[in-house]
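Q: Structure in structure tokens, see below.
The values are calculated or read from the model by the stated rules, or taken from the named source; none is laboratory data. As the structure is a prediction and not an experimental result, all values here were calculated from the model. Don't worry about glycine lacking a Cβ; one is built from the backbone with ideal geometry, like all the others, and counts go over all protein chains shown.
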Ligand code: NAP
């Protein structure tokens with residue numbers, strides 16, 4: 001007879017990459033006659049926690065309850081971090097009132113001790129006493145860290161658990177590693193030794209691949225236990241978004257931006273609205289935008305809005321990534337269906353592409369030497385596209401005939417390469433002006449365009465001037481990429497989109513010159529990505545609307 005351990009190994013072969021296998025095993029596990037040896041997580045009849053538990057921290061008991069009231073807008077499942085209060089016991093009467101006023105909510109009480117990553121400075125006995133009082137005040141679950149469970153004398157723990165049971169409260173035993181993701185199986189074994197109602201394993205992601213370890217753990221153990229698994233830190237976002245999809249009982253969220261109780265914790269609203277975690281299922285296609293830093297990228301907002309608008313079952317997550325190898329591991333093993341990549345990944349990924357050759361000609365992406373969009377086939381092969389080209393060409397061809405147009409490109413970096421090659425291909429006469437003139441000369445030679453010294457700008461009339469330098473970007477010291485008297489064009493295009501109106505666009509408008517904002521390029525390159533990934537026309541107007549709104553909100 002197959003043992004539960006064998007079943008675990010089978011799942012571990014392709015735990016995350018094979019959702020069908022997972023569904024099949026789950027069904028088997030629930031059908032006693034087909035797989036009597038596979039256990040399912042025992043039911044918890046009284047508890048109906050949602051997928052998102054909002055962690056509430058405050059400096060005073062009244063403030064904690066106030067925040068809890070506010071958090072109910074997003075979730076009826078709350079964690080009270082009693083250890084954040086200087087006098088946790090003072091909060092218990094308020095907690096009891098709150099619970100009796102809201103009988104339909106589920107509440108976790110946590111009083112983690114300082115030596116285990118919390119703020120509570122009391123001894124074990126005080127922690128146990130507080131948690132029991134919280135249970136008597138109506139909390140449905142108490143969180144005891146595994147170190148405390150191990151430190152307690154067996155008789156002391158048995159008596160405490162009997163009192164918890166009398167109060168009708170479930171026990172969650174937790175493990176936290178604030179430095180890395182390692183030894184997760186051993187952590188589960190330590191926790192399961194106490195046979196709690198919930199197993200919670202929290203590690204720290206040092207790479208994207210650490211998320212895979214956590215998701216595998218969840219998939220494996222959710223067959224027989226109620227599991228929560230999270231990798232903390234910016235690299236761990238995948239585990240927070242996809243944990244419940246992998247089988248976690250729930251995940252933790254912050255009440256709002258800036259009120260996180262753990263590194264990398266995101267606001268409940270963000271999980272609900274941006275990542276739609278309640279709708280994610282095994283059929284959901286996964287996408288990412290990869291870079292370092294990447295937290296402020298507008299791509300998840302733009303693409304998730306487009307997915308929702310067009311009823312595409314997909315989600316895009318920001319992927320904080322330090323190395324290409326790490327990204328490729330996650331692309332392969334999660335797996336991801338597509339990725340938007342930023343510098344330096346745009347060039348580093350080129351040798352890993354399986355782009356077909358078009359007869360004898362080298363495809364545009366290869367000639368540019370950079371791609372910003374990856375599409376991953378069912379065979380795992382990665383095809384690269386450079387949609388920055390469309391981001392430049394599409395807005396321009398709406399406004400003028402590109403064949404024969406005289407276009408000045410300021411800058412000779414990654415974005416300039418896409419512009420130059422794309423415009424030359426459309427038959428434009430392109431002139432490159434760059435701070436480091438030799439780079440302009442080299443690019444001009446490769447791309448059949450011309451290099452120009454900046455001082456020559458004033459004497460030459462252009463149909464279009466495109467800024468591809470970061471000058472004018474919020475936080476950049478240099479406002480204008482050229483001197484005011486060098487602006488000599490019929491149309492000005494600035495790739496910088498934050499702020500929406502850059503100093504260059506402002507100057508052009510003052511002179512009555514029509515402009516194209518970098519936001520239009522951003523949306524156009526994103527629209528092309530959407531089309532590549534989904535095969536559907538992109539809802540461009542909606543994508544533009546949300547990006548513009550968010551940029552204005554960020555001010
Ligand atoms: P990059 O590869 O680093 O290239 C930057 C270019 O700007 C280089 O040619 C550099 O000249 C020049 N440069 C930098 N600082 C300068 C300064 N103070 N004065 C004059 N020239 C300067 O960067 P990139 O990836 O091409 O990106 C460039 C800009 O385009 C960024 O602001 C980016 O946000 C924007 N962008 C926008 C979109 C969009 O969708 N709207 C898409 C892609 C990029 P040297 O050769 O002398 O260093």
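Q: On the given criteria, is residue 343 surrounded by fewer than 17 Cβ atoms within 10 Å (Cβ to Cβ), within 16 Å of the ligand (Cβ to nearest atom) and within 28 Å of residue 481 (Cα to Cα)?
A: Answer is yes for this residue.
Q: Follow-up question, since we're still on this one. For the stretch 468-497: of the residues being within 16 Å of residue 512 (Cβ to Cβ) and assigned to a loop (DSSP other than H, G, I, E, B), which is farthest from the chain's Cα centre (by Cα)?
A: Checking each candidate, the answer is 488.
Q: Could you figure out which of (1) touching a residue at least 60 places away in the same chain (Cβ under 8 Å); (2) in a loop (DSSP other than H, G, I, E, B) isn't true of residue 340?
A: So residue 340 meets the others, but not (2).
Q: Moving to a separate point now. Taking the residues in the stretch 455-476 that are surrounded by fewer than 21 Cβ atoms within 10 Å (Cβ to Cβ) and near the ligand (Cβ under 9 Å from one of its atoms) as candidates, determine which candidate is farthest from residue 366 (Cα to Cα).
A: Out of the qualifying residues, it is 476.
Q: Somewhere in the stretch 202-223, is a residue at pLDDT below 95, farther than 28 Å from residue 328 by Cβ and either in a loop (DSSP other than H, G, I, E, B) or in contact with a strand residue (DSSP E or B) (Cβ under 7 Å, 6 or more places away or on another chain) (or both)?
A: Yes - at least one qualifying residue is present in the stretch 202-223.
Q: Give the residues of the stretch 478-508 that are within 7 Å of the ligand (Cβ to nearest atom) and surrounded by fewer than 17 Cβ atoms within 10 Å (Cβ to Cβ), sorted by residue number.
A: Hit for the stretch 478-508 is 478, nothing else.
Q: Would you mention how many residues in the stretch 369-416 are modelled with pLDDT of 95 or more, in a helix (DSSP H, G or I) and over 24 Å from the mean Cα position of the chain (by Cα)?
A: Going through the stretch 369-416 one residue at a time, the tally reaches 9.
Q: Could you list all residues from the stretch 57-74 that are surrounded by 15 or more Cβ atoms within 10 Å (Cβ to Cβ), in contact (Cβ under 8 Å) with a residue 40 or more places away in the chain and part of a helix (DSSP H, G or I)?
A: Those that are surrounded by 15 or more Cβ atoms within 10 Å (Cβ to Cβ), in contact (Cβ under 8 Å) with a residue 40 or more places away in the chain and part of a helix (DSSP H, G or I): 67, 71.
Q: Scan the stretch 509-528 for residues that are crowded, with 20+ Cβ neighbours inside 10 Å and in a loop (DSSP other than H, G, I, E, B) and jot them down.
A: 517
Q: For the list (1) in a helix (DSSP H, G or I); (2) under 23 Å from residue 327 (Cβ atoms), I need the number of the one condition that residue 282 fails.
A: (1)
Q: Here's another thing I want to ask about it. For residues that are in a helix (DSSP H, G or I) and surrounded by fewer than 22 Cβ atoms within 10 Å (Cβ to Cβ), tally how many sit in the stretch 172-186.
A: 2
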